[in-house]
Amino acid sequence: MDEWFATPYLLTIRAVAGDTDAALLVENHPEGSRGRIWSAGQPPGELLPVEVSFNALLTSDRRWVVDLDDGGGSEVGGLVALAVDGSERVELTPGRAPYVLRGLEQSHDGSALVATLVDEDGFHVVVIPSAPWGEPRVVYSNPVEAWYGLLSADGGLVSVDTTDHNPGVRRPRVTVLDATTLETVGILDDLPAGPVRAVQFSQLPDDPRLLACTERSGYARPAIWNPRTGDRTDFDLPGFEGEVIPLAWHAASGRVLAVRVGDGIQTLLEIDEATGEARTVLTGGSFLNPDVADVHPVQWASYYAPGGEIRAVRSSWDVPVHLVGVDRDGTETTLIEPAPTPQGVPLTSTMVESADGTRVQVWLGIPPVGEPIGTVLEVHGGPMLVTIDAFDPSAQAWIASGFAYASLNYRGTVTFGRAFREGFWGAGGDREIEDVEAAVGFLRSRGLADPATTFITGASFGGHLTLLSVGRLPELFAGGLAHVAVADWRAAIDAMNPAVRTVWSSWVPPEMVERFSAIHYVDRITASVWINQGAIDTRTPIVGVQRLVDLMHERGGDVVMDVFDGGHEPTGLVLLGGDQRRMTKLAMRTLAGERWSGAVAP
């Protein structure tokens, strides 16, 4: 099991803005995330001497790493620029109260950064001169949710995904402002047909056009829009079912890079802007990992090099993230090799019918030798995230330890269309619980998921679902393993950071708090429960689970809570490997007929 946490591997590849084919590589190392610089035609450079988080940005001149100094993972702090040689540190928003970051990009010409900040007063888009560093300037502020500011190629226009037209509902439109006058240049609004999100400005000088992602059909499609004239080109792609999510645009050659997702399986496409025709570039594995509630809208995604070559960021269950170049003639070249991890087990995908007939995706991996000793069902966080065909050392470690491992894309997951993504709204957890029950039913049809040897696990919203499932479906699980979870939504919402408090207040209104909270079902919990919480987590603060732990103790329940020194999204192979050993030993105690309480952490 430990071998899956022994070798550093890539967490993300973030291309630099501008005309240089280079990227910041962020890797998971024993003590945390580390960075190095890759430039085309060269092997990855040495590890940078400065600290680099998963969300860091490398400036186009490759001299600075821009990151949030948040005291070790709290997600609340201030932006700093760190010289890549470790010689200099510049505070980019001096004097500003600490904030959460929900957007960080640089203009194509390298002249400025745009950062989307969230504090107790609201959401703010700030432009910061970056050549050289200059005074930050607020170009947009609103108390209502607004994310992911972008800059046009010359920094003259700013776009931001806004919801002030529909407060409390995450169905954005795109607002484009003049960065100098702050006047509104244009608004792209598809409601009530569906939300729209900005993806990328044209890289060409004096070209104000913007690549956007629309959902007028209920599924993602690319569109190119000129905010100055209102001209718009939609790529409906009637021959492609499911989502076609735009990733990048090479305006000079008129090509759009996109990922088609059908039943959770990804295909890399390229669309000709002039004809609207799409061709398949690559299949097998994944080319996009969305992250729609963080500093960047993607954890990693394929992109275009400045010359128009495709840079396919790729991964699968048994192959870590790596980089493949695809030339204009279709020639493929591996530019960054995947980390040399042990041979893993690919997972298979099945679409399963939930209670109301909705189809949900279940990934399943079985140990290659012998009968499984138990079953682990994982539920991802978010909720607006997705489990994709991508490397997961925890999944492989569970399988290597003899367990069948499954992962569920329940309602609330992205890439399955708008109705599916919004399917959990206003239901008090009912839809997600139905989907968990359907997944367990499917596993039982495969001879798996014996209630005495079945465990559910997840992080963040997945941790919430873990605890809610052992309360609402006590007959299905022997144990619940919850990371950075919520059990008491009333306490958690009051204490969480302002970037997420607003939307959770709308998703979990006062009349639904009890039904949505695992603490409401504490008397029904018969499973053993482990909760792993970050000491400085501001998304899912400890107060959101502490009362459940206390009540379970009072009632003689079997519960253990560990607190680690970090925030909501910890990295570091030592920490993650320790968590995996802890979970595996607890599961083995259940198989041996032992309680988890009193078990000493490894």
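The values are calculated or read from the model by the stated rules, or taken from the named source; none is laboratory data. Only a predicted model underlies this, so the values are computations on that prediction, with no experimental measurement involved. Here the Cβ is made from the backbone with ideal geometry for all residues, glycine too, and neighbour counts use every protein chain on show.
Annotation note: Cβ proximity below 6 Å between a residue of the stretch 565-593 that is within 21 Å of Asn55 (Cβ to Cβ) and a residue that is assigned to a helix (DSSP H, G or I) and not acidic (Asp, Glu) (sequence gap 6+ or interchain) occurs for Leu573/Phe5; Leu576/Phe5.
Would you pick out the residues in the stretch 83-112 that are part of a strand (DSSP E or B) and more than 25 Å from the chain's Cα centre (by Cα)? Spell out how you get there, then give the answer.
So in the stretch 83-112, the residues part of a strand (DSSP E or B) come out as 83, 89-91, 99-106, 112.
Matches in the stretch 83-112: Ala83, Arg89, Val90, Glu91, Ala112.
Scanning the stretch 163-179 for residues that are modelled with pLDDT under 95, surrounded by fewer than 20 Cβ atoms within 10 Å (Cβ to Cβ) and out of contact with any helix residue (DSSP H, G or I) (no Cβ under 8 Å at 6 or more places or on another chain) returns Asp164, His165, Asn166, Pro167, Arg171.
Let's see how each residue does on (1) in contact with a His (Cβ under 6 Å, 6 or more places away or on another chain); (2) of a type outside the set (Ser, Thr, Tyr); (3) part of a loop (DSSP other than H, G, I, E, B):
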| position | (1), (2), (3) |
| --- | --- |
| Asp206 | no, yes, yes |
| Leu211 | no, yes, no |
| Arg216 | no, yes, yes |
| Pro222 | no, yes, no |
| Thr233 | no, no, no |
| Leu237 | no, yes, yes |
| Glu241 | no, yes, yes |
| Pro246 | no, yes, no |
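For first residues located in the stretch 276-290 and under 20 Å from Val321 (Cα atoms) and in contact (Cβ under 8 Å) with a residue 60 or more places away in the chain, partners that are assigned to a loop (DSSP other than H, G, I, E, B) and acidic (Asp, Glu) and lie 6+ apart or on another chain with Cβ distances below 9 Å form the pairs Gly285/Asp389; Ser286/Asp389. Filtering Asp190, Asp231 for residues that are free of Cβ contacts under 8 Å to residues at least 24 places away in the same chain, closer than 28 Å to Arg260 by Cβ and over 23 Å from the mean Cα position of the chain (by Cα) leaves a single hit, Asp231.
How many residues does the stretch 250-273 hold that are of a type in the set (A, V, I, L, M, F, W, C), closer than 13 Å to Glu309 by Cα and part of a strand (DSSP E or B)? The qualifying residues number 2. Taking the conditions (1) over 27 Å from the mean Cα position of the chain (by Cα); (2) closer than 30 Å to Ser253 by Cβ; (3) among the acidic types (Asp, Glu) in turn, Glu183 satisfies each one other than (2). Taken together, Ala301, Ala293 contain a single residue that is touching a residue at least 12 places away in the same chain (Cβ under 8 Å), in contact with a helix residue (DSSP H, G or I) (Cβ under 9 Å, 6 or more places away or on another chain) and aliphatic (A, V, I, L, M), which is Ala293.
Scanning the stretch 181-211 for residues that are at pLDDT 95 or above and over 18 Å from Asp231 (Cβ atoms) yields Thr181, Leu182, Glu183, Pro195, Arg197, Gln203. Only one of the listed residues (Gly447, Gly462, Gly426, Gly417) is surrounded by fewer than 23 Cβ atoms within 10 Å (Cβ to Cβ), out of contact with any Lys or Arg (no Cβ under 9 Å at 6 or more places or on another chain) and closer than 20 Å to Gly365 by Cβ. That residue is Gly447. Total residues in the stretch 138-162 satisfying the condition of being assigned to a strand (DSSP E or B) and crowded, with 17+ Cβ neighbours inside 10 Å: the figure is 15.
Counting only residues that are within 28 Å of Ser202 (Cα to Cα) and without any contact (Cβ under 8 Å) to a residue 40 or more places away in the chain, give me the strands (runs of 3 or more DSSP E) lying completely in the stretch 1-44 with at least 1 of them.
Details: elements: 9-15, 22-29, 32-39.
Hits in the stretch 1-44: 22-29, 32-39.
What do you reckon, is Ala312 within 19 Å of the chain's Cα centre (by Cα), among the aliphatic types (A, V, I, L, M), within 29 Å of Thr540 (Cα to Cα) and at pLDDT 95 or above?
Values: within 19 Å of the chain's Cα centre (by Cα): yes; among the aliphatic types (A, V, I, L, M): yes; within 29 Å of Thr540 (Cα to Cα): no; at pLDDT 95 or above: yes.
Here the answer is no, as Ala312 does not meet what is asked.
Against the conditions (1) part of a loop (DSSP other than H, G, I, E, B); (2) touching a residue at least 40 places away in the same chain (Cβ under 8 Å), Glu135 satisfies every one except (2).
What about Val80, is it in contact with a strand residue (DSSP E or B) (Cβ under 6 Å, 6 or more places away or on another chain), at negative phi and assigned to a strand (DSSP E or B)?
yes
Of everything in the stretch 547-602, what is in a helix (DSSP H, G or I), among the small types (Gly, Ala, Ser) and out of contact with any Asp or Glu (no Cβ under 9 Å at 6 or more places or on another chain)? Give them in sequence order.
At the first step, the residues of the stretch 547-602 found to be in a helix (DSSP H, G or I) are 547-554, 573-591.
Subsequent filtering for residues that are among the small types (Gly, Ala, Ser) retains 577-578, 587.
Once the filter is applied, which keeps residues that are in a helix (DSSP H, G or I), among the small types (Gly, Ala, Ser) and out of contact with any Asp or Glu (no Cβ under 9 Å at 6 or more places or on another chain), the stretch 547-602 yields Gly578, Ala587.
From the list Val66, Val52, the one residue that fits, being of a type in the set (Val, Ile, Thr) and part of a loop (DSSP other than H, G, I, E, B), is Val52.
Applying the condition of being surrounded by 13 or more Cβ atoms within 10 Å (Cβ to Cβ) and part of a loop (DSSP other than H, G, I, E, B) to the stretch 357-382 and asking which residue is modelled with the lowest pLDDT yields Gly382. For the stretch 178-204, name all the residues that are of a type in the set (Val, Ile, Thr) and assigned to a loop (DSSP other than H, G, I, E, B). Within the stretch 178-204, Thr180, Thr181 meet the criteria. Of all the listed residues (Ala6, Ala23), the sole one being within 17 Å of Val321 (Cα to Cα) and out of contact with any strand residue (DSSP E or B) (no Cβ under 9 Å at 6 or more places or on another chain) is Ala6.
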